[in-house]
Amino acid sequence: MPQVRNPILPGFNPDPSILRVGDDYYIATSTFEWYPGVQIHHSKDLANWELIIRPLTRKAQLDMRGDPDSCGIWAPCLTHDGDKFWLVYTDVKRKDGSFKDTHNYIVNAPSITGPWSDPVYVNSSGFDPSLFHDPSGRKYFVNMLWDHRRRPQLFEGIALQEWDPSTGKLVGPRKNVYEGTELALVEGPHLYHRNGWYYLLTAEGGTGYDHACTLARSRDIWGPYETHPDKYIITSKDHPHAALQRAGHGDIVETPDGKVYVVHLSGRPTTQRRRCVLGRETSIQEAYWGDDDWLYIKNGPVPSLYVELPGARNEDAYWDEKSYTFKDGLPIDFQWLRSPESERLFNTDNGVLTLFGRESIGSWFESSLVARRQTHFSYDAETTIDFSPIDEREFAGLTAFYCRYNFFYLTVTAHSDGQRELLIQASEASWPVGSLNAQLLYEPTKIPNEGKVGLKVTVRGKDLQFWYKLEGGSEWEKVGPVLDGSIVSDECGGHQAHGSFTGAFVGVAASDLNGTAREARFEGFVYRPVKDVSDRYDV
């Protein structure tokens with residue numbers, strides 16, 4: 001079989017839940033504050049994946065206005081019971097401090113493309129829920145339990161309870177069936193049944209550099225569960241030079257011919273500061289069942305960069321330039337933030353992406369920002385903007401964005417006298433204050449008050465440079481200094497340790513702090529992957 005280089009879903013695609021139905025594979029991943037909710041990719045061969053749907057598309061299913069950064073949709077679980085698809089997800093409303101407000105829901109659909117039902121509320125006792133379809137015909141709901149008292153720990157264990165699909169309610173007793181190992185922070189549960197055993201795959205160690213997949217089993221679904229003799233079937237925690245770091249939070253799938261694979265999240269840190277600009281990505285490992293009925297990872301537990309898969313990956317598709325138009329609506333690669341009422345943020349009438357200036361960039365309520373994932377270490381992105389601001393409270397442009405605490409934003413704006421200018425807004429690892437780089441705000445570039453403006457960003461490893469081109473011009477001109485693009489990473493967001501869970505995006509935004517919803521029009525968007533000596537595809 002051909003060898004394929006990990007990750008299989010590059011860029012921000014964490015917490016993978018994998019499913020096979022016939023010859024079709026599906027992976028669901030977390031989307032956090034980005035709308036619509038949950039990404040589902042499809043593949044026929046485990047090597048080539050296509051984003052086909054984000055099923056949480058309407059207010060009845062998901063409204064994240066007010067959700068802080070890295071809250072929203074956590075760790076979905078996608079399953080099929082032989083009749084329909086089931087999707088379980090958490091909408092997190094608070095994550096910092098002693099409390100976590102984590103509301104768990106279930107939706108279902110006859111087909112992967114829908115229609116997806118309105119949600120059924122399940123519970124709020126913890127996060128990372130999964131739905132298990134037992135061979136007996138019963139359905140069980142598992143999630144980690146959160147104990148704000150720390151008696152004895154915040155991550156209390158894995159709760160199991162039966163769920164009745166006819167009433168949409170949990171029934172019977174709830175039991176903490178597994179408290180994890182000394183690595184702690186047990187979460188991400190998935191249940192399986194094989195050869196008379198119930199297997200419980202969990203994540204431990206947090207989603208940083210101590211992350212791991214832990215496996216346990218029991219003859220009875222209610223336990224007691226014994227931990228794998230190796231404890232952790234996938235982890236990089238003791239191997240800081242492994243190509244794939246932060247490995248954990250996995251799910252198991254079997255091919256039609258009986259081969260076993262485990263998908264898991266991973267990170268590829270860059271620079272001496274170990275910053276994961278591409279966020280937590282989805283990788284895959286070959287596995288096998290031992291004679292002792294335990295699952296083992298081939299060449300594990302440290303994840304392999306190259307893995308044999310049923311298919312060979314088409315690398316050309318990964319490196320192709322993406323030249324987006326808006327004549328058929330917003331391309332599927334793009335998302336926006338939090339709001340189910342996209343019509344208040346943007347439209348694509350007449351083939352132009354028009355953003356309505358709302359709140360400031362980084363607002364947790366109503367921010368007009370439309371962007372796609374950064375999926376390469378180095379790239380170019382460019383667009384053309386038509387925007388006529390009247391003062392400094394109106395600005396729009398091109399952004400490399402992670403969250404309110406780490407972004408770079410080349411704006412077209414105006415001074416208080418109405419003179420149009422280019423101004424860079426930079427929030428550089430500014431948690432918890434969220435302030436801008438003051439020096440850059442004193443370095444505007446004056447431009448004519450009329451005419452469209454080309455905006456471009458070039459990223460080469462950690463070096464980020466903005467450019468502009470006036471209407472009718474032929475050459476791109478630099479704006480501002482070379483900036484540290486590695487800041488747009490998990491490690492530089494809010495709550496840098498175990499607190500930032502998304503990844504870098506590049507896109508367009510518009511704000512009108514005067515409250516008049518001034519429009520900014522964008523004609524197309526280009527994302528161009530670039531190969532640079534600083535990239536770390538192979539280690």
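Taking a ≥ b ≥ c as the square roots of the eigenvalues of the alpha carbon gyration tensor, the chain is prolate, as a/c is not under 1.5 and a/b beats b/c. Enter the accessible area per residue of the stretch 295-425 (Å², integer; probe 1.4 Å; all protein chains in place). Here the per-residue accessible area is 35 Å². Straight Cα distances below 17 angstrom link K452 to the aspartates and glutamates E382, D386, E394, E421, E471, E475, E477, E519, E523, with same-chain residues fewer than 8 positions distant left out.
Carbon-plus-sulfur accessible fraction, the stretch 51-101 (probe radius 1.4 Å, protein heavy atoms only): 46%.
Give the shape of the stretch 265-400 as rounded, prolate or oblate, defined through the alpha-carbon gyration tensor: a ≥ b ≥ c are the square roots of its eigenvalues, a/c under 1.5 means rounded, and otherwise the shape is prolate if a/b is larger than b/c and oblate if not. Prolate, because a/c is 1.5 or more and a/b exceeds b/c.
Expressed as cubic angstrom per residue, what is the convex hull volume of the alpha carbon set of the stretch 426-539?
On the way: hull volume 19.1 nm³, N = 114.
Considering the Cα atoms of the stretch 426-539, their hull volume per residue is 167 Å³.
Apply 1/(1 + (r/R0)^6) to the Cβ-Cβ distance of H42 and Y288, taking R0 = 30 Å, and write down the FRET efficiency to the nearest 0.05. Walk me through the numbers before you get to the answer.
On the way: r = 25 Å, r/R0 = 0.85.
Computed FRET efficiency for H42 and Y288: 0.75.
Straight-line reach from K93: taking Cα to Cα under 16 Å and skipping same-chain neighbours fewer than 8 places apart, the aspartates and glutamates in range are E33, D63, D67, D69, D101, D128, E366.
Just the C-alpha atoms of the stretch 70-149: what Rg/Rh do they give, with Rh taken as the Kirkwood radius? Provide the component values of the computation, followed by the final result.
Details: Rg = 13.5 Å, Rh = 13.3 Å.
My calculation of the ratio gives 1.02.
In the assembled protein chains, M64 presents an accessible area of approximately 0 Å² (probe radius 1.4 Å).
Between amide H atoms placed 1.01 Å from N, distances below 5 Å from C276 occur with T270, D490, E491, all of them 5 or more places distant or on a separate chain. Suppose R0 equals 25 Å. What FRET efficiency, 1/(1 + (r/R0)^6) with r the Cβ-Cβ distance, do S323 and V533 give to the nearest 0.05? The calculated FRET efficiency here is 0.45.
Computed from phi, the 3J(HN,Hα) profile of the stretch 325-342 under the Karplus parametrisation 6.51, -1.76, 1.60 (θ = phi - 60°) reads 10, 10, 6, 10, x, 7, x, 4, 5, 9, 9, 10, 10, 6, 8, x, 9, 4 Hz, with x in place of Gly and Pro.
Cross-link candidates for K95: which lysines have Cα within less than 25 Å, leaving aside residues fewer than 8 places away along the same chain? By straight Cα distance, K95 reaches K59, K175, K237. Once you sort the root eigenvalues of the Cα gyration tensor of the stretch 249-328 as a ≥ b ≥ c, which label holds: rounded (a/c under 1.5), prolate (a/b larger than b/c) or oblate (the other case)? In terms of gyration-tensor shape, oblate. Our helix-only sum for the chain, with -39,500 (n - 2.57) per DSSP H run of n ≥ 4 divided by its residues, gives a mean residue ellipticity at 222 nm of -500 deg cm²/dmol.
Each semi-axis of the equivalent ellipsoid for the stretch 392-464 is √(5λ) with λ an eigenvalue of the Cα gyration tensor; in descending order they amount to 22, 15, 10 Å.
Could you give me D for the stretch 384-427, from Stokes-Einstein at 25 °C and 0.890 mPa s, where the hydrodynamic radius is the Kirkwood radius over C-alpha pairs? Units µm² s⁻¹, please. Intermediate values should be presented prior to the final figure.
Details: Rh = 10.7 Å.
Roughly 229 µm²/s, to the nearest whole number.
Counted residue by residue at 0.36 nm each, then reduced by the alpha carbon distance between them, the extension gain from K59 to A438 reaches 132.6 nm. Taking amide H positions as modeled 1.01 Å from N, with prolines and chain starts lacking one, the residues under 5 Å from G311 and 5 or more places away or on another chain are A47. Counting heavy atoms of the protein chains alone, D23 has an accessible area of about 100 Å² for a 1.4 Å probe. Accessible area of V506 (1.4 Å probe, protein heavy atoms only, ligands and nucleic acids ignored): about 0 Å².
Tell me, what is the FRET efficiency for F365 and T516 to the nearest 0.05, using R0 = 22 angstrom and their Cβ-Cβ distance as r? Efficiency at R0 = 22 Å is approximately 0.80.
The Kirkwood hydrodynamic radius of the stretch 349-398, based on inverse pair distances between different Cα atoms, is 13.3 Å. Summing Lys and Arg as +1 and Asp and Glu as -1 over all other residues whose Cβ lies under 13 Å from the Cβ of L51 gives a net charge of +2.
Ranked by solvent-accessible area (1.4 Å probe, protein heavy atoms only, all chains present), the residues D45, D251 order from largest to smallest as D45, D251. Using θ = phi - 60° in the Karplus curve 6.51 cos²θ - 1.76 cosθ + 1.60, the 3J(HN,Hα) couplings for the stretch 113-127 round to 8, x, x, 8, 6, 5, x, 10, 6, 10, 6, 9, 7, x, 10 Hz; x is entered for Gly and Pro.
The values are calculated or read from the model by the stated rules, or taken from the named source; none is laboratory data. Fair warning: this is a prediction, and the values are worked out from it, not measured in the lab. Ideal geometry is used to build each Cβ from the backbone, glycine not excepted, and the neighbour counts take in all protein chains shown. Protein only, heavy atoms only, side chains kept; ligands, DNA and RNA dropped before computing areas. Shrake-Rupley method; radii C 1.70, N 1.55, O 1.52, S 1.80 Å.
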